[in-house]
């Protein structure tokens, strides 16, 4: 038990440094991939504690809001971001669409396009399945009812067989020097793999997500990633200095 506890503390430190690949963690600690997955599962079900020099730090996260609640927040901004992201997509491409309400808004705009879409975003499945030009690939896995997305080893195993031209992902929060954060290790592990499997990465995040670091699990963004946001350029300066591309979404015309 002492060995397991020590390993889990080190896993938390590795995740904080951006190492979230199950295979890499298994090799690092000399255990099987199934053991690492069990550690990650157990860690995600408890308040994580990481040891520091001379003590320990409680990595307390903010309360995660349900997809239904988030869908009703900042709706105009999310629709504007989705419209801006739509202009980045070319016919015939393969896309990965992550979970989240802003990515969902983008998915609902794909009618009439000819695309292959890989997604773990459950609300999008019936929408995309009824679009004639869309070849839909649904990632299986464990369903998270609060976010209505799939995560876990089954989703990751399937995704490793796939590559994409572009990933459109979401985040609970962003920090210029750390990347994006989420409430669970499983979410971050899948997002990190999505980033590796896509040629280009786009983070769809409204202004309320910038400089927000309430959740304890992080994934760094790859070089060349682009932030698509409604925030003014001045609020994104630190992200641009850190190497992120910027696409500022203009407001959509008011409905008459």
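The values are calculated or read from the model by the stated rules, or taken from the named source; none is laboratory data. Everything quoted here is computed from the prediction, not taken from an experiment. Using ideal geometry, Cβ is built from the backbone for each residue, glycine included, and neighbour counts are taken over all protein chains shown.
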Fill in the blank from the handout: (1) in contact with a helix residue (DSSP H, G or I) (Cβ under 6 Å, 6 or more places away or on another chain); (2) part of a strand (DSSP E or B) all hold for residue 231 apart from (2)
Handout entry: Complete set of residues in the stretch 9-38 that are part of a loop (DSSP other than H, G, I, E, B) and modelled with pLDDT of 75 or more
Key = 30, 31, 32
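Yes/no matrix, rows are residues, columns are (1) surrounded by fewer than 22 Cβ atoms within 10 Å (Cβ to Cβ); (2) at pLDDT 95 or above; (3) outside any strand (DSSP E or B); (4) not assigned by TED's automatic domain parsing to the domain that holds residue 157:
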| position | (1), (2), (3), (4) |
| --- | --- |
| 193 | yes, yes, yes, no |
| 196 | yes, yes, yes, no |
| 199 | yes, yes, no, no |
| 202 | no, yes, no, no |
| 212 | yes, no, yes, no |
| 227 | no, yes, no, no |
| 235 | yes, no, yes, no |
| 255 | yes, no, yes, yes |
Exercise for the section: Give the stretch 148-191 a look and list any residue that's out of contact with any strand residue (DSSP E or B) (no Cβ under 6 Å at 6 or more places or on another chain), over 29 Å from residue 114 (Cβ atoms) and part of a loop (DSSP other than H, G, I, E, B), or say none. Expected result: 176, 177, 183, 184
Problem - Test set (1) farther than 25 Å from residue 89 by Cβ; (2) at pLDDT 95 or above; (3) under 11 Å from the mean Cα position of the chain (by Cα) - residue 157 fails condition number - result: (3)
Completion exercise
Per the filter on the stretch 99-119, residues surrounded by fewer than 24 Cβ atoms within 10 Å (Cβ to Cβ) and part of a loop (DSSP other than H, G, I, E, B) are 108, 109, 110, 111, 112, 113, 114
